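Heads up: the structure comes next, in structure tokens.
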Amino acid sequence: MPKERNIIQEVLSLFQQLERERQQHQQRINEIDRALAQVRGGASIASSVPASTKVSGHPVAVRSKGGRKPGKGGNTMSLRQRMAEVSRQQPLSVREIVNAVRKAGHQFESSDPIKSVGSYLYGPEGKKHFKRVDGKFSPLATDAAPSAKAGTSKPAKAKRTMSPEARKRIAEAVRARWARQKAGK
């Protein structure tokens, strides 16, 4: 039984080591993205990276800035919250909302944010949170009041994924340990 615990502890240790290594690489990638964004005048490279790629034939999620899941783009609040914030004082058209949200610091990952914001606002989810009068949108009463927690809540925990290479290294380490244990019996 103690030998099994040692194997589990070794696997967990290897996993934690790989996670730390991944975080270090992600921090460096974030630094590079920020530098490129400054050179490009605020345009992030994260929007040009595909949401998933294949490594050794396996799909691997590519995280955007900040190590968050794709779609977050490093924004401190959701697009819906930001749209409600900018259209709270007076109703705005889709184009005005997009411009105001950009001025507020929201980074869009869409190549055409006007289309994506418009499809959201005119769609069923947008109708739950915004009212439309004469082609201009404002938040419904339930979304109009600023939340005390707006921008302070923690992002949802990302599901931890392991690269195929990391899985292979762990499996090889476990097999080697088992082989050593069998030889020692």
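The values are calculated or read from the model by the stated rules, or taken from the named source; none is laboratory data. Being a predicted model, the structure only gives us computed values, none of them experimental. For neighbour counting, all protein chains shown are included, and Cβ atoms are generated from backbone atoms with ideal geometry for every residue, glycine included.
Annotations
- Those residues of segment 82-114 which are outside any loop (DSSP other than H, G, I, E, B), under 26 Å from Q38 (Cα atoms) and either within 21 Å of the chain's Cα centre (by Cα) or aliphatic (A, V, I, L, M) (or both), in sequence order: R82, M83, V86, I97, V98, A100, V101, R102, P113, I114
- Per the listing R95, R102, the residue uniquely among the charged types (D, E, K, R), in contact with a Pro (Cβ under 9 Å, 6 or more places away or on another chain), free of Cβ contacts under 8 Å to residues at least 60 places away in the same chain and under 26 Å from R40 (Cα atoms) is R102.
- Any chance A84 is outside the structural domain of A37 (by TED's automatic domain parsing) and in contact with an Asp or Glu (Cβ under 8 Å, 6 or more places away or on another chain): yes
- In segment 111-142, of all residues being among the hydroxyl-bearing types (S, T, Y) and surrounded by 10 or more Cβ atoms within 10 Å (Cβ to Cβ), the one that is nearest to R82 (Cα to Cα) corresponds to S138.
- Restricting A173, A150, A158, A141 to those that are at pLDDT below 85 and touching a helix residue (DSSP H, G or I) at 6+ places or on another chain (Cβ under 7 Å) reduces the list to A150.
- Any chance E109 is of a type in the set (D, E, K, R), more than 12 Å from F130 (Cα to Cα) and out of contact with any strand residue (DSSP E or B) (no Cβ under 7 Å at 6 or more places or on another chain): yes
- Flag: R34 matches the condition of being on the phi < 0 side of the Ramachandran plot, among the basic types (K, R), surrounded by 11 or more Cβ atoms within 10 Å (Cβ to Cβ) and modelled with pLDDT of 80 or more.
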